[in-house]
Structure formats: structure tokens, C-alpha cells
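Single-structure report; data block below.
None of the figures in this text is laboratory data; all of them are computed from the coordinates on show. Quick caveat: nothing in here was measured; it's all calculated off a predicted structure. Here the Cβ positions follow ideal geometry from the backbone for every residue, glycine too, while neighbour counts run over all protein chains shown.
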């Protein structure tokens, strides 16, 4: 365990809102925790990181990690993309976050599984309510939403979920139905979407889409950002699929690599949707003009989903791959032109682990919607270097600038209050009030942040995690690579 000492004299504070805005980037209150409800159905945690700003993780975390129940999710077979043959996966992968609803006073979890099935469980006893079989393993996190103009309840509450491209499906296959809409009530199929072939090496769907005014926004691993109408269907095809309103390739016309996948989830901030793309840039899609009008180039394979900070900036995870400098966490101010948008950069250590060389694959968590410790705006993020970082999103370390991800420019860096060795991680941590929950390939860790802003370990549970947890009323729910979906509590 390594602790970094915080020197109060070595910082100053600034806000992204102090800059002149080209477009409003204020957080819309109606897009915070997506608690749509009606007909005894309430969406409590309905998308990756709980809100359109990717900054809600649940409420009332427990004080310990006792196993209340665990459910075996099963084993699935998938094709290996890097070598010939098959892989057998079990449990839940990356990002693999459960979703949560309240129906007739009972809580229900929705979990994508590596056994190819999307499953719905009753929380009180772990009973399987339904499961729907996809064509391949499910790694990512879906989105549950309510279609306001739909009168049929079984089609009104929908979960849009992605998977790998399909076992036995190749890049050149006519169809890859790796994105589907399922009734959250009955588990029946509503429609399926063909992720078409591009110059990308993948046709998977990992990210969690956004629904805004009955329009669905999603990025896919073919590198395409798609805007679709989930209430209208293309009647020219022999299968039911939503009407495509617009498609934008988030990669150059002649990309210099086939890794141009979009694995992150879109983020709503003001009148733009931002998405981090594997082609190496953060793109801003203007909802008014329906065009990409803001682009910040980084160059690396951007896997993790950005989070919106308290001052309406983007905290962007940066993987080490393809860049000369270190990966880490980048704070961008989308209120200004891209070339002037870097507020700070947190470099993390280089570390060869599995397919990664360092940087950050997980998504950061911020305490914007939670009780502040010493009135500080905090973020936590886990790195491939094995550390969990606790930082101040507003405060700059005055001891000097750090070399940037391009290994040439120098940027401000944030104050690091603490960092803790949890082991290599691609799971996204949580911060809820003074509690931090982080998972890694070594296990699940529960911390309390004290008044000195140090991470105090209170409990841990050892097994292997890639997925992201959620919290609700004294329970933690998370899927593991050991094959099980866990419920932890006091």
C-alpha cells in the first residue's frame, strides 16, 4: 500500500463553469438518476453508472461484505478474435453492471451473463424470473427505459442490451444481431439490430445506450454512432428493427488501424452527447444541429466511459495503447474549443497486464450527487497499474506540471489525496458519501474515507472481478468472473 501525502499549500481551485460557453453544458436535472416510474414499475438504476451523466451508483452502502446470496450465472462459449479456436467464459465480464427496478414493491435485478443470457432475478430470494438467450456472450451493460408514447406495458418498459457479434458469426457475415431490445416485464424480444461491417475488427455492442425524448443513441464496436427511433420500424427488412435516423462513423475515412471500436457509453452534458471512441478521440454530438461539432484527439484506444464532474466537465479515462506517453485520467472542459479544453491530466503507471500496457480502462466515479467530505469534490478511479486513486477534481497540484499522454505537452495535474493497491482493475469503482467500493482481479474492497481524505479499508472479499457493482439499501450487487452474481451486505 502506498499513500500519497496531500499538501494543502500546493493547490489552487478553479471551475470549468468560469469559461465562456459556446454551447450550454449545464447538467439537466431531469436526466439525473433515471427513476422513471408508472404502473407499479420504477427504474432505480437503469443504465451504466445510473444516469445520463454516468455519475449515480445507488444509495445506502453496507458497512461490511458478508455474502447474503450468490447465484451461478453459467458458462458460455465464444470465438477468439485474436487466435483460432474458442474461449469459455463464465459469470459476468466488463462492464457487466446489474440494473435495478422496483415492481409492485419488489426489487428486481437484470444481469447480462457470459453464458449468452440476459437474466432477471428477484432480489429478495434470487429467483430467476426470465432469461433471454443472445447469440453470444454478454459483456456490457444494458439500459432500461420507458417509451412514453407506448401504451402496451410489455413494450413500454424495455431493456436495450448488447453482446458480442454472435458465436459462429464472422466479420463478413450478412447479419450480426449484437444489439437487441427485450421487454423488461416479460423477457420477450421486441426488436434486434444488425451491427454492420466496417473497417473495424469487431461488430460487438458493449456500451449502454441513452434514450432522450424517445430517441435512442448508441455506439457500437464497428465504430459507428447510431441514432434510432425505437418506436418506428424498418418495414423493408424481414426482421423487426428500429428505424435508423442517423449514423456517423467515429473514425477517419482511411483509419490506420482496425481497432476503431466504440466500447464506451454515451454521456449527456447540456445539449451535446459525448462519446469516447477507440479511434482515439472524444466526440461531441450536438443535439440541436445533429452533427459532430466538438472533437478532442487523444490517440489511444479509449475504452472507459467519461463521467460528468460537478462543474460540468468530462473526466475521460485514457488507456496506454497507441500513445507515446502514459495513460491516465483527463479532465476536459467542453465549454471551450477542444485545443484549450484540458484542465488537468492524472498519469498512471505503465504496467503490462493481459492485453493492456497501462492507463485506465475503468470509468471514474464522482461524488457530485452525494454528501461531500470536507466540502470536497472527489473522484475515484482504478488503474491497470493496480492502484485505486482518490483525487480532488477541482484542485491543482502546484508542485509542477506533468508530461501529457502525447509525451510532449505538459499539463496541470490534480491533487491526489490517497492511492491504495487493490491489484490490476478494469472494474469501475463507486463513491457514495464517505464510502468507496472498488473491485479488481484480486477481489472486492470496501473503504471509508476519513476526514483526512484517506482510504481506510474496512472489509474485502477475494475473487476475480471485471464487472462494475451497484449499491441499494445496504446491499452491493456485482457479477464475478468466478461464475457467480453476488449480493453483499451487513
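Here are a few things to note about the model shown:
- Whole-number percent relative contact order across the chain, with pairs defined as alpha carbons under 8 Å at least 6 apart: 16 percent
- Residue 371-residue 196 pseudo-label distance in nm [points 7 Å out on the Cα-to-Cβ vector]: 5.2 nm
- Here the extension length gained between residue 452 and residue 407 equals 12.9 nm, from 0.36 nm per residue of separation less the Cα-Cα distance.
- Shape of the chain, Cα gyration tensor, a/c cut at 1.5: rounded
- Calculated FRET efficiency for the pair residue 213/residue 60, C-beta based, R₀ 35 Å, to 0.05: 0.65
- Prolate/oblate/rounded call for the stretch 80-120, Cα gyration tensor, a/c under 1.5 rounded: prolate
- Arranged from fewest to most other beta-carbon atoms within 10 Å of their beta carbon, 224, 436, 336 become 336, 224, 436.
- Per-residue Cβ neighbour rank within 10 angstrom, fewest leading, 456, 228: 456, 228
- Ranking of 487, 313 by neighbouring Cβ atoms within 10 Å, starting from the fewest: 487, 313.
- Counting only DSSP H runs of at least 4 residues, each contributing -39500 (n - 2.57), and dividing by the residue count of the chain, the helix-based mean residue ellipticity at 222 nm comes to 0 deg cm²/dmol.
- Our summary gives the stretch 176-279 a relative contact order of 24 percent, counting only alpha carbon pairs under 8 angstrom and 6 or more residues apart.
- If you take the Cα centroid of the stretch 433-490 and the Cα centroid of the stretch 145-175, the two points sit 30 Å apart.
- Relative contact order of the stretch 423-474, pairs being alpha-carbon contacts under 8 Å that are 6 or more residues apart, as %: 34 percent
- Gyration tensor verdict on the stretch 445-490 (Cα atoms; rounded if a/c is under 1.5, prolate if a/b is larger than b/c, oblate otherwise): prolate
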